[in-house]
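Report on one structure; see the data block that follows.
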Amino acid sequence: MAEMVPVPDRSYLLVSPCRDEAQYMRRTLDSVVAQTMRPTRWVIVDDGSTDDTPAILAEYAAAHDWITVVQKPDRGARAVGPGVIEAFYFGLAQVDANAYPYLCKLDLDLDLPPRYFEILIERMEQNSRIGTCSGKPWFRNAAGRWISEKCGDEMSVGMTKFYRRECFAQIGGFVREVMWDAIDCHKARQMGWIAVSWNDKHLRFEHLRPMGSSQKSVFTGRRRHGFGQYYMGSDPAYFIATGLYRMAHPPYVLGGLATIQGFLSAWLRGEKQHDDADLRAFVRTYQRRALRVGKARAVAEIEAERSPLWQDPAR
């Protein structure tokens with residue numbers, strides 16, 4: 001008699017912090033409802049919304065028993081970075097995360113393709129070293145043209161952070177600072193995991209509020225990104241090179257200059273950096289190598305070097 005092959009557990013948990021997302025959230029909600037592989041549980045944290053967000057969430061929670069809405073006390077203002085992660089952990093605390101082999105921090109300003117989560121899980125099943133992954137964000141400009149947000153293949157993107165539970169636990173989860181969505185990928189790679197994003201047509205999604213934008217202005221968002229790179233410990237030469245690269249993408253020139261300004265301002269003020277000194281050194285070593293040989297080769301070298309540190313969670 002043929003040996004029975006165990007069916008892999010594909011259950012996954014979504015946690016979505018949100019505040020005043022009435023303008024975009026129906027498209028996100030509808031795109032998750034339409035997934036070929038729906039989440040087992042979706043916890044949405046209303047972080048003090050003052051628009052129609054609560055009413056919309058109540059409508060979807062009433063129609064789908066796998067959607068749970070929780071209210072977080074209003075902090076009085078929209079907050080990015082630390083505030084978003086604080087709301088994420090507030091939602092995560094409402095459930096037993098250990099009951100799910102996969103979890104995802106998902107923003108409510110996205111339009112996902114229908115096989116999005118199914119494909120991510122399939123690829124993680126094919127390579128058990130993949131600890132975190134995502135598709136790629138695109139947005140439409142004023143003329144309706146699709147524009148890539150130019151996210152590197154070596155990172156899972158912050159608006160859809162899809163994680164293997166063991167990897168998330170091993171890296172200590174997310175730090176509560178602006179550059180949380182890069183620090184986690186570097187930490188995962190440092191510990192032998194693979195962090196990756198793909199630009200396949202079935203994994204490209206529309207970001208309805210483009211990356212680096214802000215409730216104040218896109219330039220505020222870019223300066224915040226520069227500060228976050230400083231906090232993470234990025235090499236100055238590497239970051240200035242990436243800032244120059246960003247000048248070739250909207251908003252042209254000024255966007256790249258704003259990121260450089262944010263970095264240099266934090267550096268000159270002597271702002272606090274991430275307290276994991278080993279990780280900061282790891283990031284700088286990778287970045288300097290990437291300047292010489294390119295990011296793809298530098299990442300491949302790290303993945304090969306760090307492979308002995310990784311342990312298969314299935315064993």
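The values are calculated or read from the model by the stated rules, or taken from the named source; none is laboratory data. Because the structure is predicted, anything quoted here is derived from the model rather than measured. Positions of Cβ are generated from backbone atoms using ideal geometry, with glycine treated the same way; all protein chains shown enter the neighbour counts.
Do you know which residues across the stretch 129-152 are closer than 25 Å to residue 38 by Cα and part of a loop (DSSP other than H, G, I, E, B)? The answer is 129, 135. Mind checking which residues of the stretch 251-280 are crowded, with 16+ Cβ neighbours inside 10 Å and assigned to a loop (DSSP other than H, G, I, E, B)? Of everything in the stretch 251-280, those that are crowded, with 16+ Cβ neighbours inside 10 Å and assigned to a loop (DSSP other than H, G, I, E, B) turn out to be 251, 273, 274, 276.
Regarding the stretch 127-139, can at least one residue be identified that is among the hydrophobic types (A, V, I, L, M, F, W, C) and over 20 Å from residue 182 (Cα atoms)? Yes, some residue in the stretch 127-139 is among the hydrophobic types (A, V, I, L, M, F, W, C) and over 20 Å from residue 182 (Cα atoms). Filtering 280, 246, 315 for residues that are basic (Lys, Arg) and at pLDDT 90 or above leaves a single hit, 280.
Taken over the stretch 165-190, the residue count meeting the criterion of being part of a loop (DSSP other than H, G, I, E, B) and either under 21 Å from residue 235 (Cβ atoms) or acidic (Asp, Glu) (or both) is 4. With respect to residue 222, is the statement that it is in a helix (DSSP H, G or I), in contact with a helix residue (DSSP H, G or I) (Cβ under 7 Å, 6 or more places away or on another chain) and at pLDDT 90 or above true? Taking the combined requirement at face value, the residue does not satisfy it.
Among the residues of the stretch 112-159 satisfying the criterion of being under 28 Å from residue 190 (Cα atoms) and among the basic types (Lys, Arg), which is modelled with the lowest pLDDT? The qualifying residue modelled with the lowest pLDDT is 150.
Here the stretch 61-104 is the region considered, the condition is being among the small types (Gly, Ala, Ser) and at pLDDT below 90, and the residue that is nearest to the chain's Cα centre (by Cα) is 81. Please verify whether residue 10 is at pLDDT 95 or above, in a loop (DSSP other than H, G, I, E, B), in contact with a strand residue (DSSP E or B) (Cβ under 9 Å, 6 or more places away or on another chain) and surrounded by fewer than 17 Cβ atoms within 10 Å (Cβ to Cβ), treating the condition exactly as stated. Taking the combined requirement at face value, the residue satisfies it.
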